[in-house]
Amino acid sequence: MYAFEIDRPTTLADAIKALGAEDAQALGGGQTLIPSLKQRLASPARLVCLSGVAEIKGIRTADDGALCIGGGTTHADVAAGAGAYPALAALAANIGDPAVRNRGTIGGSLANNDPSACYPAAVLASGATVVTNTRQIAADDFFDGMFATALEEGEIITEVRFPVPEAASYQKFEQPASRFALVGVFVAKYATGVRVAVTGASEGGVFRWSEAEAALTSSFTPEALDGLVLSGDGMIADLHGSGAYRAHLVDVMTRRAVAAAG
Amino acid sequence: MPKDGGIGASTRRREDVRFLTGNGHYTDDINLRGQAYVHFLRSDVAHGRLRSVDTSAAEAMPGVLRIFTGKDFEAVGGVPCGWQVTDRFGQPMQEPKHPVLAHGKVRHVGDPIAAVVAETREQARDAAEAIELDIEELPAVVDMKAALKDGAPKVHDELTSNLCYDWGFVEENKSAVDEAFAKAAHVTTLELVNNRLIANPMEPRVAVGDYNRSTGDSTLYTTSQNPHVIRLLMGAFVLGIPEHKLRVVAPDVGGGFGSKIFHYAEEAFCTFAAKALNRPVKWTSSRSEAFMSDAHGRDHVTKIELALDKDNNFTAIRTETYANMGAYLSTFAPSVPTWLHGTLMAGNYKTPHIYVNVKAVFTNTVPVDAYRGAGRPEATYQLERVIDKAAHELGVDPIALRRQNFITEFPYATPVAVEYDTGDYHATMDKLEEIADLKGFAARRKESEARGRLRGLGINCYIEACGIAPSNLVGQLGARAGLYESATVRVNATGGLVVMTGSHSHGQGHETSFAQVISEMIGIDADMVEIVHGDTANTPMGMGTYGSRSLAVGGSAMVRATEKIINKAKKIAAHLMEAAEGDIELKDGRFSVAGTDKSVAWGDVTLAAYVPHNYPLADLEPGLEETAFYDPANFTYPAGAYACEVEVDPDTGRVTIERFAAADDFGNVVNPMIVSGQVHGGIGQGIGQALLEACAYDENGQLLTGSYMDYAMPRAADVPFYRVDHSCQTPCTHNPLGVKGCGEAGAIGSPPAVVNAVIDALQSGGHDIAHIDMPLSPSRVWQAMQG
Amino acid sequence: MPEVTMTVNGKHVKGQIEGRTLLVDFIRENLGLTGTHVGCDTSQCGACVVHVDGKAVKACTMFAAEAEGAEVRTIESMAEPDGTLHPIQAAFREHHGLQCGFCTPGMVMSAAALLAENPTPTEAEIRDYLEGNICRCTGYHNIVKAILAASGQDVSRIAAE
């Protein structure tokens, strides 16, 4: 790792202030950032550690029924505390491994927007709102391709608001080495329609499969997907699978998610 | 009733207490006063000419003590190879130089170019980034067959080609083999890849060099399976330090699996730099660095043909293998595809004619050498896969086809130059059928199919040559070392013993099982026996641990030394009891005179040896310490039969291991608990090879699997509980313990069982698939199902 | 150089660190507690698992500065001061759940975290929980068996020694 200073603010205001320094970077749970720092892939002058900021942790239900999760909430805490949205709790319970879940946070995961991460699929499929210290960003506007988001420099995710669906399921097919999603599909059924978000598969990062959404909105059954063809073009092709394989898995995982969501 | 001590008891391991409490003492736990740290700047191109290495800016960085480059090592030797193979035409293999730090050219991603020694690890790395390299990138060769084409870029300019050797075995058999194929009623042909693997012991390599300017002695602490071999290779061939001025210590070592046999440049560097700087120098490999600097394993591309007569008897086997050596010859690399592979091509079967051809090839990749099983998994995999394919083609039961061709009479001289002393392959197959519950398979398949899964059963046999190895034989085969083992048994005055063994434990539990043997021989509590290993300063010259040799060879040396001790102790006892030496019996730690009630305790005799007041000094030296070197008369031949049941998810191609059973014949067993554990671990690695693991390069020689993010290691959820059995025992006939060795069996026997099972599952689902290359990852299986 | 203070194995400790000092380096180098190991650099192998404020974390993927004021527990604290092994340690020994010993401290710390959350896990739950702990020696058989045994469940029907 390159040398850097480390700040450990205890209030959001102090964290924002610290992030104003030159080449400062926020450190969530660090489960992705620290390995990148070890590879010397990043060289921040200052890391602002958010794990001490209590006000961005926790889970609450908003007046409109949305499940609101603080940006600094760990995966383990979401797994244990998001019972109001079981598919989301199940997703969190299956990210990485137990030790990673005890450190990694939802805000950190979303800000990083790894193309194989699980949370982006949940946020996009739920039409969630990403709340930062400066604004609210709709899920459809948040993700901006692999490792890129709408976040500005110094902006911190303080909360993510998930409208709770009538039924939902996340199905992950793991990449054999990293155990990240080779393909993960989150299906959420709302009164207004079904949303399907896919992670792991596309070179463009998490995306909505709109044809599947339309089909499932008319009939929320696996068979509704019959005849839909997702192209392998633009899908990630690597050691662990071709674009065509990933496209196929999207179909399989979507069907399984629909079946599991009931 | 199970025994509670001695040979055959599942004694709980004494070493566990320190490991479980965090008190293990691994090389990275060693920190010497004044220690500096080295960071190696490694090539990020696979092949290139080093135009210049400018260290001037880096030298001015904070904390830098000195930066070394290839020029600093011009006056010393290169990293040597310990085995010379002679080719089909009687010529020695092509053997390139292997400099400690790259000189002139870089030949693989990870080839060390410069070494920065600094006050801290991070300072060394910071400075390494400031070294300015000018490398003219050259086209790389990665594919072995491409590397052998005319005009292919040469890894080593001074060699005539990228061919290390073209080996035929047994060359004189070739025409008889060809004739048998011409007459065959059926020929089954299979082309396959034995995937490139990375051993990945959980402890990365570490080296700490130290120099004592008072005595002029050098000490190297290193993560090694064989400290004496490192001392010999590094002292004699690299640095020119006589062995009496060089000590190599391998303390607790966190797994090896072959990758810590070899002498590595980093070890030589730390020893050299410690003297040059007059400070201890430490290197700790990161895992990412290990992926490009630890020797890799396997990487064979093979075509095997099996000839059968009209009654399905095997009549001949012919193979052609390309074996990747990587960019340089690692310590034992040339022996793996030849003497550890060709000699095992008969397997468990009485095939009269066999010919093996191996072309070893240099490529711009990390050197390839022994990995758990070394050569024997490659032989077993191709043979057991081609037999399954033949059974399918002929429409016969794969178990029946194997049984029909089993060797049943021993000793058996194979057409590939080895003689199996004992074995009973029907017995292990019978045992397998029982413990794997093969009768219940049909019902289990039905149940799987009801859930939409394909279920397959894979069976195979294996044999291996262990207890490596008779020195005179391996000398004829090109080994540049003997492969005996040594032990010194030192009995103390109060009766306790210290055994100093040349074997090295890095997980195998020698401290427990070796003590059990002594306890059995003398009849004393195992707690009175201390096993010392891993330090050239206090153990006799030994060849270390690999090739399932510790108990068969090292244990035998210990037995021989202990027999000398007992013989001398009997003389002392005879004197004490005024009896004839021939009448003395040793039982339960007491010497008695046969037919009388006279006896003396073990401790009385040991005390007399060191306090020789009443002692036959005219005839016998005082003291009780003996050394033995044991050179085995033959290899040992563990063998067995394995069964795997898998489910395949036809929607995704994902394979899950549902059941796994192993019936092994290891001869006599000293500690059944440890033996089972060794088999479990081998099976875990074999499942890893079959389903998960692959080291991959792109066509430019860039390592695609540079970390655990892309190299798939088996996790707990990837494997089931295994059923293992080693009750079929045909003791080895030529070592005093009758043991055969158990460390590699699991890794040798399991890959074909897994692959046979997956192919069986797919065929049961109507897929016309004859073979899929390992690892059978979901995407590969799915792709195969697409036709 | 900033200073960090924390409680490690019940003892109040402090030390000079850099921002980039990992918790595992602080434990190994500053405190000399070398039972916690480093087996990878991508947060996957779990040889470095310790407990921070009662939760299993990878000490290689947390900065020492982040443990300011925390309660840290390492493998060295698991046995009783008189040397009596913790029941999980004892089960690993009884069932041969370790070979080279390098992954073992992390395995034991993960197992302890599992049993604290789930006192009688199933075989599948144990295997799943160990996703972040890689062992290269045992094929996991005896590790899983040892954890089942440590949880008080009958393991006599599990095959082999």
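Every residue in region B:193-207 that is among the aliphatic types (A, V, I, L, M), open to solvent by less than 10 Å² (accessible area, probe 1.4 Å) and more than 14 Å from chain C (Cβ to nearest Cβ), please.
Scanning region B:193-207 gives a single hit, B:Ala207.
Scan region B:167-193 for residues that are over 24 Å from B:Ala323 (Cβ atoms) and charged (D, E, K, R) and jot them down.
Within region B:167-193, B:Glu179, B:Lys183 meet the criteria.
What helices (runs of 4 or more DSSP H) completely inside region A:50-114 contain at least 2 residues that are open to solvent by 30 Å² or more (accessible area, probe 1.4 Å) and farther than 23 Å from A:Gly205 by Cα?
Those helices (runs of 4 or more DSSP H) span A:75-81.
So B:Asp664 clears everything in (1) out of contact with any Gly (no Cβ under 7 Å at 6 or more places or on another chain); (2) assigned to a strand (DSSP E or B) except one condition, right? Which one?
(1)
If you check A:Ala15, A:Ala26, which single one turns out to be in the same structural domain as A:Asn112 (by TED's automatic domain parsing), in a helix (DSSP H, G or I) and in contact with a Leu (Cβ under 7 Å, 6 or more places away or on another chain)?
None of the other options fit; the residue is A:Ala15.
Quick one: which of A:Ala93, A:Ala76, A:Ala87, A:Ala125 is in contact with a Pro (Cβ under 9 Å, 6 or more places away or on another chain) and either hydroxyl-bearing (Ser, Thr, Tyr) or within 14 Å of chain C (Cβ to nearest Cβ) (or both)?
A:Ala76
Just to check your reading of the model, which residue among B:Lys105, B:Lys97 is closer than 21 Å to B:Lys71 by Cβ, surrounded by 20 or more Cβ atoms within 10 Å (Cβ to Cβ) and in contact with a His (Cβ under 9 Å, 6 or more places away or on another chain)?
B:Lys105
Tally time: how many residues in region B:502-527 are hydroxyl-bearing (Ser, Thr, Tyr), farther than 16 Å from B:Ala9 by Cα and within 14 Å of chain C (Cβ to nearest Cβ)?
1
What single numbered condition from (1) more than 30 Å from the chain's Cα centre (by Cα); (2) more than 14 Å from chain A (Cβ to nearest Cβ) fails to hold for B:Gln786?
(2)
Cβ-Cβ below 8 Å, separation at least six or inter-chain, first residue in region B:714-725 and more than 7 Å from chain C (Cβ to nearest Cβ), second in a strand (DSSP E or B) and open to solvent by less than 30 Å² (accessible area, probe 1.4 Å): which pairs?
From region B:714-725, the pairs are B:Asp718/B:Ile657; B:Pro720/B:Ile657; B:Pro720/B:Phe660; B:Asp725/B:Ala661; B:Asp725/B:Ala662; B:Asp725/B:Ala663; B:Asp725/B:Asp664.
I need the full set of residues from region B:466-478 which are buried (at least 24 other Cβ atoms within 10 Å of the Cβ) and assigned to a loop (DSSP other than H, G, I, E, B), in order please.
Matches in region B:466-478: B:Gly467, B:Ile468, B:Ala469.
Looking at (1) surrounded by fewer than 24 Cβ atoms within 10 Å (Cβ to Cβ); (2) touching a residue at least 24 places away in the same chain (Cβ under 8 Å), which one does C:Glu29 not meet, given that it meets all the others?
Looking at each condition in turn, C:Glu29 falls short on (2).
Quick check on region B:196-217. Is at least one of its residues farther than 24 Å from B:Ala417 by Cα, in contact (Cβ under 8 Å) with a residue 12 or more places away in the chain, touching a strand residue (DSSP E or B) at 6+ places or on another chain (Cβ under 6 Å) and polar (S, T, N, Q)?
no
Hey, could you check region B:757-787 for residues that are of a type in the set (D, E, K, R) and part of a helix (DSSP H, G or I) and say which is least open to solvent (accessible area, probe 1.4 Å)?
B:Asp760
Only one of (1) more than 10 Å from every other protein chain (Cβ to nearest Cβ); (2) out of contact with any Phe, Trp or Tyr (no Cβ under 7 Å at 6 or more places or on another chain); (3) in contact (Cβ under 8 Å) with a residue 40 or more places away in the chain is not met by B:Asp768, so which one is it?
It is condition (3) that B:Asp768 fails.
Would you mind finding the one in B:Glu658, B:Glu581, B:Glu647 that is over 30 Å from B:Ala427 (Cα atoms) and acidic (Asp, Glu)?
Step by step, each of B:Glu658, B:Glu581, B:Glu647 is checked, and only B:Glu581 is over 30 Å from B:Ala427 (Cα atoms) and acidic (Asp, Glu).
Does region B:486-494 contain at least one residue that is surrounded by 23 or more Cβ atoms within 10 Å (Cβ to Cβ) and part of a loop (DSSP other than H, G, I, E, B)?
No, region B:486-494 contains no residue that is surrounded by 23 or more Cβ atoms within 10 Å (Cβ to Cβ) and part of a loop (DSSP other than H, G, I, E, B).
Restricting the first residue to region B:532-559 and requiring it to be under 21 Å from B:His25 (Cα atoms) and touching a residue at least 40 places away in the same chain (Cβ under 8 Å), which pairs with a second residue that is β-branched (Val, Ile, Thr) and open to solvent by 20 Å² or more (accessible area, probe 1.4 Å) meet a Cβ separation below 7 Å and a spacing of at least six or different chains?
B:Thr539/B:Val532
Do you know which residues across region B:293-308 are buried (at least 21 other Cβ atoms within 10 Å of the Cβ) and not polar (S, T, N, Q)?
B:Asp294, B:Ala295, B:His296, B:Gly297, B:Arg298, B:Asp299, B:His300, B:Ile304, B:Leu306, B:Ala307, B:Leu308
What pairs can you find where one residue is in region B:421-439 and at pLDDT 95 or above, the other is open to solvent by 20 Å² or more (accessible area, probe 1.4 Å) and of a type in the set (Asp, Glu), and their Cβ atoms are less than 6 Å apart, with a gap of 6+ or different chains?
Sorted first by the residue in region B:421-439, then by its partner, the pairs are B:Lys431/B:Asp725; B:Ile435/B:Asp725.
Mind checking which residues of region A:188-237 are open to solvent by 70 Å² or more (accessible area, probe 1.4 Å), among the acidic types (Asp, Glu) and free of Cβ contacts under 8 Å to residues at least 24 places away in the same chain?
A:Glu211, A:Glu223, A:Asp226, A:Asp233
Filtering region B:665-675 down to residues that are away from every other protein chain (no Cβ under 11 Å) and open to solvent by less than 20 Å² (accessible area, probe 1.4 Å), which residue is nearest to B:Ala436 (Cα to Cα)?
Looking at the filtered set, the residue picked out is B:Asp665.
Looking only at region B:1-37, filter to residues that are facing another protein chain (nearest Cβ under 8 Å) and among the aliphatic types (A, V, I, L, M); which one of those is least open to solvent (accessible area, probe 1.4 Å)?
Taking the candidates together, the pick is B:Leu20.
The values are calculated or read from the model by the stated rules, or taken from the named source; none is laboratory data. What you see is a predicted model, and the numbers here were worked out from it, not measured in a lab. No Cβ is skipped: glycine too gets one built from the backbone with ideal geometry, and neighbour counts run over all protein chains shown. Side chains are part of the model used for accessible areas, which takes the heavy atoms of the whole protein and leaves out ligands, DNA and RNA. Shrake-Rupley method; radii C 1.70, N 1.55, O 1.52, S 1.80 Å.
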